[in-house]
Every structure is written in structure tokens, then in C-alpha cells.
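Structure first, then comments.
Each value in this text was obtained by applying a stated rule to the coordinates, not by laboratory testing. Computed from a prediction, not measured in an experiment: that's the story for all the values here. Heads up, the Cβs are rebuilt from the backbone with ideal geometry, glycines too, and the neighbour counts pull from every protein chain shown.
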Amino acid sequence: EAPGPRQRLLDTHMADGEKKEKKARPAPPPPPPALATAALLVRGAAAKVLGLRPAASGGELQPLWVTEPGNAKITMSLEGCARSPFPKDEAHPALLSAIEAAANELVRANASVSILEIARSSAEAQYGDAMYEPKSAKSEILRLAYIAGAILVEIPANWSLCTKAGDCGELAFHTEVDPGSKKKPETMILLKNKKLMVRFGVACPNAAGIAAASGDAPPADAVKALDSATVCISVPGVDSDVSAPSEALAAKRAAPSVSAAPRFPYPSKDMPADTPAVIYWTWFRKALGRRLRDAAAAAKCTKSDVLRDPSVAGLCRTCAETFRSSLSESEVAHLECAPVSAAWLSGLLRNLEFPRVEGREEEIDDSGVVWVDGNVDYSETLEKFGLKPISDALLARLEKLTVGRGRVKSLHPWLRRGIFYSHRDLDQLCDLVEKGRRFYIYASRGPTASPSHLGHLVPLKMAKWLQDAFDAPVVVQLTEDEKFLWQGHWDPENGDNLEKFGSFTNDSVMDIIALGFDKKKTFVFTDLDYVGNMYPNIVRIWKATNYRDTRACFGLQGENNIGQSAFFAMQAASCIPSSFQVPLGEDDLCCLVPCAIDQDPHFQMTRNVAGRLVPKSHPLAGKPALLHARFFPPLLGAGGKMSDSEVNAAVYLTDTADEISNKVQKYAFSGGRATAKEQKEKGADLNVDVSYQWLRFFMEDDAELERIAQEYGTGQGDFWNTSSVKKRLVEELQKIVGQHQQCRKKVTMKEVEEWTQVRRLKF
């Protein structure tokens, strides 16, 4: 019988009883860099939406690019998906749309793409198995790809990737089938098989790529967050139970929708915790905090970098320029509806761990000041605010312009000792003085029922010295309206207590006069009395300033009264010379503001709008120059600043000699050692010893201060112990406070009226 077709086919593959080997099918070419990069973004986006581990869920690519350039198809496993139970078929289109949107948000974020070559043992020590997919080769030297906010995964040796996530362009998922076709969509969720298939195209299929190792290894915390198999994106139409989620789902979910606009208005503080808006925004804040932490960690930055410019615009700049991980359209839309401020952002980050920077523990307060290990880091704060240090060269110029002209005997000790340590535009102000230009000095004080303490004197005493040194006029603002807006109250029986705060101003004026300002060159005013003269400039400042920036700078929220939002303009107007038409009479005078370092953000807002309120001839475009002081520390510890809230932490200008002695002896924090023997061996820690720090503020004699530092710091000589240094401090404080009290006794109410009278100053 003749062999049939099947037998003849077999015979062609048999020789001498053996099967012939089939020719091996050639391996497909590697994906172009744009498609390889896009595939990683799809995996990262799917992980966020579905709660997957982006590497472990796999990402097998079908090489559509061979016949259809710019296209690819990826298959991922849904094993271990955090969405359990998984949504039914009717919800799948919404999930796929969410993945596509999330992938394109990663494109717009445009994070750097890193290719790493790292020993397997080292990688596993840092990241565990987070980078392995089911078909990973696990070679001794791993080739890893990392995109911040998306994925860390081992990639084949022949892959090249784009340098930036955005280089591939927008992604488009192919979800449709031809009408009448019986074929299934090529982008779908196969729930029974626990697979996700996505066919996608990219807008820039010919984007260039790199194959060489580039970029830095990501922090372990950032990879751990990516590999957490947590649902990070709430999907409209699927997560419709957002108003009452189960604890399990709530723990996995973050609030931001893939659509740009928030689903609910930002809630007020008094809204119940189980309302939809509160739940929605709670999870948005959590997700945003993790996102900012991961972006900062990937860029080897810290919490202070996140809080460097605590406004919506500032956060966008930081993410784009510093972290190289731009905020998405949705994130920006949500932030514009939130009370963004340093305090609000600090709350987002409070319980998140950031990478350590050179072993330092860093915190940022609501004003942006950097605290390290419980103490202010003035150098770090200077850097974060973008300030200039007062250099030796600048001190020499100041000395030449003041001491050299015979107005004062020496530079102020606070300048010599670095207590006033940074500035904005002080060098330019010196340029103007050298050319014969004049300027005025602005200081302020908020009257309270409590007497003034020594800390209140720091900016005022510096303003007085600057007046003497430069023969400059001074305006001093008393902000009783500010105190009422923040501390005042109203009740139906008695009304409000605004007049009470106004009554405190006379005491403050007397303290200011007692400091020795030149009456002919000094104007002291209260806001309630003088505001009409400044009102045109106040209105201009309101017009030039948006509420979002004011809210961010002052930490305001929806519950704050509108006066608190508007008050910024009161102090800003005082830095504009045309606010003092009668006292100053010149619209192009520059302004110098001595202030504590935490006031810089407030005056920076003034500098941002000042150019609109002065003539073009103004040499600094209206911007006030700033001179920044370190905090005057409280008695109880050298790390912070003095406050009215703790009586024993301050020495008041009304304290008696005995009260001063008692406070210093009992409460001044000591940097001395526990025993006399240890003190003599090691000496005191001068950085934390309050008595020594206060002497740096108030002792005029540099030689004596140096002697105390040397002897107390080594435990040798007359000032070897804490008791001797405290005794010397008591003597200085009793002299300073006693002299102030004597001067204040001579001030009459008639003088108060004369100093606060609107008049032309003589300068």
C-alpha cells in the first residue's frame, strides 16, 4: 500500500530511524527603547491600580514591533493581586482606563531611567527579591532598570531604555475590536486565567535609548514602597464604596482619582471622620506623602527638600527640578484645592521614614526652619531658604561704612559673633550707601498683656544700632490688630476685646523709647491709628498676592478668619516707602529689616510683589533687604527660641534683680558635666549651655567672653564650672534690665504721643 500524506511527511523528517532536528527559530529582536521603557511604565501603573508587585507579576512582551512599529503587547500575572475579591467583568474597562491614565501620569512625571549593574548578593541584601520577575536569569551580576515611582526590575542584557520616562511619549492602549469581528480585544483582563494583557502604542517610537549603566541605585525604602503590592489609585466606578470602605480596602487604597479634579471639596476640621470627603482626602494625603517621600529618596534628598518651598507652585518646582519627578495633573489639581502650607506638608510626612543624611535626624517646623537632633541647623536653613551668609568681606564693608565714618566705635557684637548671620541684598544695600543713597529701617512688635522679655529686644536693639551706624530713619510698627485677629475673642454679653489689645500699645511704645532711638529719626505707629495712610499700598498688595501663597506661608486653613489671610499686607506695606509719605517723604528709599530667621518666608512674599508698588527708579525694585538673626534661646534649653508661654523660660524687662538671679540659677540649662571631676577633665558643652549662649548675646567685652569660653569649655580657671558662669550672667542681666527700667521710668505719656505723632522725620 502506498504511504499516505501523513506518512510521507513523517518520512521527510526521519533518517535512519532518528527524528531530524528542527531549525531553531531565531529570537525576536529586542524592543526599541521607547517600547521597552513604556512596558516598564505599564507594569508600574498596573501595580498601582491593581495592587501588584511590579517585577514579580512579570511582563512578557509579544514583539509586535517587528511588523507594527511603535506597538507591543505585554502580559502580566494577577497572582497576589491586592484587589480581593477582584472586580467583576463590567468593572474591567474602568480598571484598564485607570492603568492607561496612571501610565501616562508616569510619562508626564518624566522621571530619570537608571540602568544598574550590581552584584546579586548586594542587590538581594538591599532589595530582597523585589527586582525579580518569574523568568529572571538571576546572574551573579544583575542588570536592573529603575524608574522612580514605577519599578525596579531585572532586564535582559540586550535591552536599551530611554534616558527619561517621558521620552517614549504618551501611551495608547488598544482596547477596541473591528465591528463584527469575533476576535477578543487585545487589551483585557482574563480573570479566570489571572492574567492582564495590554496592547499599547507609543507616541515617540523612535526615541533614542542607552544600554550602558547609568544613574544611582535607589534607596531600599523606595523599592520597598514600590514592591508593597498595595492599591494606590482609587478608580471611579469601581471603588464606589469610597465613602465607607472596609479596613482592609482602606489600608490598600489612596484617594487620588485618575481624573484631574477632586471628587470632594477639601473637608473642614469639624467634619466627622466617616464622611466621604474626609475619607477621600485622608487617603489622598497618605498617597501624596508616600509619593513625595519616594521621589525625595530617589533623588537622595530629605524631608527639608520637600518643605523648601511649601506652596503649590513651589512643590511643583521642587518635584520637577530637584526630584526630577513632576507632579501629575491630578496631583496638582488636588493640591490647588488643599490648604498647602509647611504645617500641612509636615503632617503628610510626619510618620514616613526618610533616608538619613550623613547620620543626621532632620525636622522642619511650620516656618521652614531646619531642626537637627532637637537644635536649629542654621547652615541647613540658610541653604534651604537660599540665603547668603554674612561673610568676612561683607563685615569689612559694614565696618568701613559705619565705624570708618565715625558714627559708632565698633561693629555690633551680634554681627561680630555671627548672631546675625545671613541676609538678602545687604551687599547691594552697601553698594548704594557707598554711592550716597539713604535707606530706612523697619521693625515691628506685637503688643501683649505680658511684659516684653529679652528676646523681644533683639531686632529692636539691632534696629537702634543700625540707626546710629548709618544715620538712618526707623519706623516701628505695633501690630495690635494682628494680636486681636489671632488671640481675640467675642461673646454675646461683652462683645469683642479689640480695645484691650489696643491698650497694650502704650507699654510697648515706652519700652521702645527706653532703648535710646533718636526721636528725630524714629516714627512709632500702631496699625489701628495709621492704617489709613498705608491703605492704598495694602490694597495693591492684596491685588498682587493670591490666597494660595498666603495660606501656604502662614499655615492658614479654612477655619481661619479672613483677617488672618489679609494681615500679611499690613506688614508688607511697611516695607514700601510710599506708605510713609509724611515721615519719609521719598518713594524710592530702600528698606532694611532686621528679623529672626523664621520671618524670612513672610518677607520673601513681600519681596515677590514689591516691584509693583515702587517707581522704576527704586534701586532694589522695591524689595526690602533682610538681616537674619539666630533665635534667642529660652532659659530651659538652647535649642529653640524664647516664648511668652513659659514664664520660667524668659527674663522679662520688669523682673527684679532677685527674680533674674533666681531664674538663672534655677532654670538656665547647663552644659556642664555631672561631677566636678568630669567637668575639670572634659569641660562644658558650650553649644547647649544657656548661660554661655546668653553671654554671647549680652556681654560687650569680646576678650572676657573668649576667656569664659576657654575656661568653661576646658574646666580650668576662674570660670571652670557652671556656677561661676551663671553668676557672671546674672550680673550682666541685672545691669541691662536695671538700666532699661531706669530709662523707662523717665518716659511719659506725653512722649508716647510725640513719638507716635505723624510727622516728618529729620535725616
The chain, relative contact order in percent, only Cα pairs under 8 angstrom and at least six apart counted
10
Tally the DSSP beta bridges in the chain and give the antiparallel ones as a percent, rounded to 5.
70
Ranked from highest to lowest mean number of other Cβ atoms within 10 Å per residue, what is the order of the peptides 147-157, 129-139?
147-157, 129-139
Per-selection Rg to Rh, the chain - Cα, Kirkwood hydrodynamic radius:
1.10
Can you tell me the 0 to 90 degree angle between the C-alpha axis of helix 527-544 and the longest principal axis of the chain, rounded to 10?
20
Can you work out ³J(HN,Hα) from phi for every residue in the range 549-559, in order, using Karplus 6.51 cos²θ - 1.76 cosθ + 1.60 and θ = phi - 60°, giving whole Hz and x for Gly and Pro?
5, 4, 4, 5, 5, 9, x, 7, 9, x, 7
Gained length - ALA203 relative to THR714, 0.36 nm times residue gap less alpha-carbon distance
177.0 nm
Suppose R0 equals 56 Å. What FRET efficiency, 1/(1 + (r/R0)^6) with r the Cβ-Cβ distance, do ARG437 and GLU731 give to the nearest 0.05?
0.85
Added length on full extension, which subtracts the Cα-Cα distance from 0.36 nm per residue, ALA213 to ALA449:
78.4 nm
In nanometres, the difference between 0.36 nm per residue of separation and the alpha-carbon distance of SER122 and GLN428 is 104.9 nm
Let's see if you can work this out: charge +1 on each Lys and Arg Cβ, -1 on each Asp and Glu Cβ, no other charges. What is the dipole magnitude of the chain about its Cα centre, in debye to the nearest 20?
1240
Compute the Cα gyration tensor for the range 448-545, then decide on rounded, prolate or oblate, letting a ≥ b ≥ c be the square roots of its eigenvalues: rounded whenever a/c is under 1.5, prolate when a/b is larger than b/c in the other cases, and oblate in all that remain.
oblate
CD proxy, 222 nm, the chain: helix-only mean residue ellipticity via -39,500 (n - 2.57) per DSSP H run with n ≥ 4, per residue, nearest 500, stands at -11500 deg cm²/dmol
Packing-based ranking, highest mean first, of 294-301, 401-408 given that Cβ atoms within 10 Å are counted:
294-301, 401-408
Hey, which of these cross-link pairs are over 30 Å Cα-Cα: LYS48/LYS164; LYS435/LYS461; LYS623/LYS745?
LYS623/LYS745
Angle check, please: helix 392-402 long axis (alpha carbons) against the longest principal axis of the chain (alpha carbons), in degrees 0 to 90, nearest 10.
30
Between LYS192 and SER268, what's the calculated FRET efficiency when r is the beta-carbon distance and R0 is 45 Å? Round to 0.05.
0.45
For LYS543 and CYS743, what is the calculated FRET efficiency with R₀ set at 51 Å and r taken between the beta-carbons, to the nearest 0.05?
0.75
Expected sort for 465-474, 88-97, 568-577 on mean C-beta neighbours within 10 Å, highest first, is 568-577, 465-474, 88-97
